[in-house]
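The values are calculated or read from the model by the stated rules, or taken from the named source; none is laboratory data. Everything quoted here is computed from the prediction, not taken from an experiment. Cβ: placed from backbone, ideal geometry, glycine included. Neighbour counts: every protein chain shown. Please note that ligands, DNA and RNA were not included when accessible areas were found on the heavy atoms of the full protein model with its side chains. Shrake-Rupley method; radii C 1.70, N 1.55, O 1.52, S 1.80 Å.
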Amino acid sequence: MNNIAERLQSARQRIQNLCKQAGKSAGPVKLLAVSKTKPVDDIRAAYQAGQRLFGENYVQEGVEKIQQLSDLTDLEWHFIGPLQSNKTRQVAEHFAWVQSVDRLKIARRLSEQRPATMPPLNLLLQINISAEQSKAGVADETELMALAAEVNALPHLTLRGLMAIPAADLDPADQIRVFEQMQRLFVKLKQQYVQIDTLSMGMSGDMQAAIQAGSTMVRLGTAIFGERHKAADD
Ligand SMILES: *Cc1c(COP(=O)(O)O)cnc(C)c1O
């Protein structure tokens, strides 16, 4: 596998196979192509191969790419990285989704700064599902439901679901366990809010467990664009 179109094709095939394996309740699962540190030509190549959803982690880099690719009007840009309050405006003005919100302050700013001419910004709340000290994310169900209620009341946002990045070193049984915990939180949230439809979990190494547990969106970077060399700074 040496080009982006082939890698994409094989990723789609793998997702489809995992959905089949997981049974009839699984799928459809969307594929978010994580293009951080990769040049816009790579994104164009993925676009040519039919990919429309792209994820970026760094505000400045993401906004530059969005501007450079503004001729492709049906791209859907997801911000998936850590977001500080001094950068929310850029995100609110350029992205369609933000997957990494875990504080009301950030959600409020995104809502205030979302231009009235744009559709509501789609939002996922990030859960710190492995309870890692170093990771961002909402800690537990109580905190989640409280935050969701406040976010749901904000005018220029649409709360769509949850996102998680579990610890990288879990064995398959633990992957299943944490993803099932996510699924339970997702179901709880859905019972409260009708528009909830997105559970973003699963990367190259844990996609099987994520899909089995009900993921609706997996995020793949390296598997599509190859290894990242440049260390992005933001
Ligand atoms: C970088 C990143 C990915 C993709 O990681 P790969 O290992 O390149 O597939 C997925 N999700 C998030 C939040 C990321 O930051």
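Key figures
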read-out: Residue 167 paired with residue 191, simple spin-label distance in nm, labels 7 Å along Cα-to-beta-carbon; value: 2.9 nm
read-out: Mean-position separation - Cα centroids, the stretch 177-227 and the stretch 74-124, in angstrom; value: 20 Å
read-out: Helix-only mean residue ellipticity at 222 nm for the chain, each DSSP H run of n ≥ 4 adding -39500 (n - 2.57), per residue, nearest 500; value: -12500 deg cm²/dmol
read-out: Mean separation of Cα contacts under 8 Å, 6 or more apart, over the residue count of the stretch 96-185: relative contact order %; value: 33 percent
read-out: Protection-proxy order for peptides 13-22, 100-109, 67-76, each taking the mean of Cβ atoms within 10 Å per residue, highest first; value: 100-109, 13-22, 67-76
read-out: Label-point gap, in nm, between residue 131 and residue 85 - each point 7 angstrom along Cα→Cβ; value: 2.9 nm
read-out: Cα centre as origin, Lys/Arg/Asp/Glu Cβ charges: the chain dipole, Debye; value: 440 debye
read-out: Relative contact order of the stretch 4-225, defined on C-alpha pairs under 8 angstrom at six or more residues apart (%); value: 22 percent
read-out: Over the stretch 27-92, relative contact order from alpha-carbon pairs under 8 Å, at least 6 apart, %; value: 34 percent
read-out: Compactness of the chain as Cα Rg over 2.2 N^0.38 Å, two decimals; value: 0.97
read-out: Gaussian network model of the chain, springs between alpha carbon atoms under 10 Å - residue of 127, 80, 196 with greatest fluctuation; value: 196
read-out: Cα pair distances exceeding 25 angstrom across the stretch 125-234, given as percent; value: 25 percent
read-out: For the stretch 84-139, the Rg and Dmax computed from alpha carbons only, in angstrom; value: 12.0, 39
read-out: Highest-fluctuation residue, 163, 118, 217 considered, GNM on the chain with Cα pairs under 10 Å; value: 118
read-out: Of 65/190; 36/135; 38/105, those spanning more than 24 Å from alpha-carbon to alpha-carbon; value: 65/190; 38/105
read-out: Apportionment of accessible area to carbon and sulfur, the chain, percent (1.4 Å); value: 48 percent
read-out: Solvent-accessible heavy-atom area per residue, rounded to whole Å², over the chain at 1.4 Å; value: 48 Å²
